[in-house]
Amino acid sequence: MTAKKTAGSPRELLYAVSLGCPKNLVDTEMLTGAFVNAGVSLTFDPDCATVYLINTCAFLASARNEAEEAIAEGALWKKDNPAGKLVVTGCLAAHQELENFKKRFPEVDIWAAPNELDKVIPLPCPGGVPLRLQLTLPHVAYLKIADGCDNRCAYCLIPSLRGDKKSRTIASCIAEARQLVDVGVREVILIAQDTTAFGENGETFAGLLRALEDMPGFFRYRILYTHPAHYTDELIEVLSKAKKFIPALDIPLQHISDAMLERMNRHTDSKWIRDLVKKLRAAIPGIALRTTFITGFPGETEADFQALVDFTAEARFERLGVFAFSPEPGTPAALMADQVDPAVAECRAKELMRRQHLRTARANAKMVGKIVEIMLDDVDGEYAVGRSDADAPDIDQNVYVAWKRKFRASPGDRVKVKIIKALSGGDLEGELLR
């Protein structure tokens, strides 16, 4: 008997574990929404559950290790609840090591890859809009506009896990955004494996942003996971004129060395990247740019790494992350010659982040005494926690605010604060202004 057949019993309870990125979280929201729609209630106590759902990530070895630990906990639950259903979904269920995991965890009743979620429970999609149970902060929600990827970066497993890019229609995206805003969402975060590649049958990402601008409601939208190769002059112009666009962009660049970019199959070069950064800063004054880089990719020389160090100093990204290269089985990069010693790759990543932390500390010190507008994410007792436009939820830094009880505000409100201290770890402290 499958979870699909048992769904609907009033005594059924679902316990869900969601691993990985926001794109995975949206899948979890759709699954939990489908269960709730079928009459199954959620529980935060696995001991009470009749269905134990684990939505996995398998992008890196560390993610697979995390998934393995979660499945092991689920297997223990299954031994104590033999009549319950243990369900594993997500990218691990599409990974080439799946058969090994099946042998190691025979307790799992259902394995469902990202394109097989209907094996778990039918996913209602009225009017082309997926039925979701929002699991984020009430005023923040992710809008997944596409799935899969066509870029075929040499280090990336996504195409083998998620398949080719499949975009939604603008109409379905706007309909879902409308639903989110109607229930109080004030920050809609656009996500996909590659948001800038959105569009089929003549539709484009620029067209989607125009439609969002025309949509009534008190909300703004943030954009994550953009690919530098897919920025167009039209897109930059739309962003420069947009009123609802939060002036912050996430653009994983991965490297600046032409040799590395070519080996990575990034479909771009150093000149394009430098020109794009200049265009965005000129077109959108005050924009915050976040990026990520990979150190230790096969063939990376000291000169390549130094070029990356020099570029980060030159570009002065507001937010930056670094990953040491991980040779993922099944990717072209794992078979390349000139593999870099993992210790060297890790050392380079730490050095790049050390320099970024120094830049962030200096930038934060200069913020002291300035007045900034933030969105409140939490209001509790004498303090509130919020974020500036530069900061995405659960990723970037926070602003901790001294809270005056006589001043009324709620999560999702935008308020002005005076920065009074730069805290260790990149966070800030501020005073709420009337």
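The values are calculated or read from the model by the stated rules, or taken from the named source; none is laboratory data. This structure is a prediction, so every number in the text was calculated from the model and none was measured. When we count neighbours, we look across all protein chains shown, and the Cβ atoms used for this are built from the backbone with ideal geometry, even at glycine. Accessible surface areas use protein heavy atoms only, side chains included; no ligands, DNA or RNA. Shrake-Rupley method; radii C 1.70, N 1.55, O 1.52, S 1.80 Å.
3J(HN,Hα) along the range 372-382, derived from phi through the Karplus expression 6.51 cos²θ - 1.76 cosθ + 1.60 where θ = phi - 60°, amounts to 10, 9, 10, 9, 7, 9, 8, 10, 8, x, 8 Hz, with x in place of Gly and Pro. To the nearest 10, the accessible area of ILE371 is 110 Å² with a 1.4 Å probe.
Estimated at the nearest 10 Å², the accessible area of VAL17 is 30 Å² with a 1.4 Å probe.
Per residue, the chain exposes 45 Å² of solvent-accessible protein surface, assessed with a 1.4 angstrom probe and all protein chains in place.
No disulfide-compatible partner, judged by a Cβ distance under 4.7 Å, exists for the following cysteines of the chain: CYS21, CYS48, CYS57, CYS91, CYS125, CYS149, CYS173, CYS347. In the distance distribution for the range 103-207, Cα-Cα pairs more than 17 Å apart total 63 percent. Once backbone amide H atoms are built at 1.01 Å from N, GLY430 has TYR400, VAL401, ALA402, ILE420 as its partners under 5 Å, excluding neighbours fewer than 5 places away on the same chain.
Using a Cα-Cα cut-off of under 28 Å, which lysines could be cross-linked to LYS271, ignoring same-chain neighbours fewer than 8 residues away? Excluding near neighbours in sequence, the set is LYS165, LYS241, LYS279, LYS350. Membrane-span-like helices of the chain, defined as complete DSSP H segments with a Cα extent of 30 Å or more along the helix axis and a mean Kyte hydropathy of at least 0.5, are absent. Rolling a 1.4 Å probe over the protein chains gives TYR52 an accessible area of about 10 Å². A Gaussian network model of the chain, with springs between Cα atoms under 10 Å, assigns the largest mean-square fluctuation among ASP396, ASP380, ASP258 to ASP380. Solvent-accessible area assigned to carbon and sulfur over the chain amounts to 54 percent, based on a 1.4 Å probe.
Taking the DSSP beta bridges with both ends in the chain, the antiparallel portion is around 35 percent.
The candidates TYR400, TYR142, arranged from most to least accessible area with a 1.4 Å probe in the full protein assembly, appear as TYR400, TYR142.
Would you kindly give the portion of the calculated P(r) for the range 155-243 that falls above 16 Å, as a percent of all Cα pairs? The answer is 57 percent, as a whole percent.
Roughly how many whole Å is it from the C-alpha centroid of the range 192-216 to that of the range 227-290? If we compute the Cα centre of each part, the gap is 17 Å. At an R0 of 51 angstrom, the distance between the Cβ atoms of ILE420 and ASN265 translates into a FRET efficiency of 0.60. Summing Lys and Arg as +1 and Asp and Glu as -1 over all other residues whose Cβ lies under 15 Å from the Cβ of ALA197 gives a net charge of 0. Taking 25 Å as the straight-line reach from the Cα of LYS102, the lysines in range (excluding those fewer than 8 positions away in the same chain) are LYS4, LYS5, LYS23, LYS78, LYS79, LYS85, LYS119. Helical runs (DSSP H, four residues minimum) scored at -39500 (n - 2.57) apiece and divided by the length of the chain put the mean residue ellipticity at 222 nm at -10500 deg cm²/dmol. Residue separation of ASP214 and GLU69 scaled by 0.36 nm, minus their Cα-Cα distance, works out to 47.7 nm of gained length.
Which value, in Å to one decimal place, does the Kirkwood hydrodynamic radius take for the range 209-272 when every pair of different Cα atoms is included? Every distinct Cα pair counted, the radius reaches 13.5 Å. Residues in the range 119-126 carry Karplus couplings, in order, of 5, 7, 6, x, 9, x, 9, x Hz; the curve used is 6.51 cos²θ - 1.76 cosθ + 1.60 with θ = phi - 60°, and Gly or Pro positions show x. Length available on full extension from GLU200 to ALA363: 0.36 nm per residue minus the Cα-Cα distance, which gives 54.6 nm.
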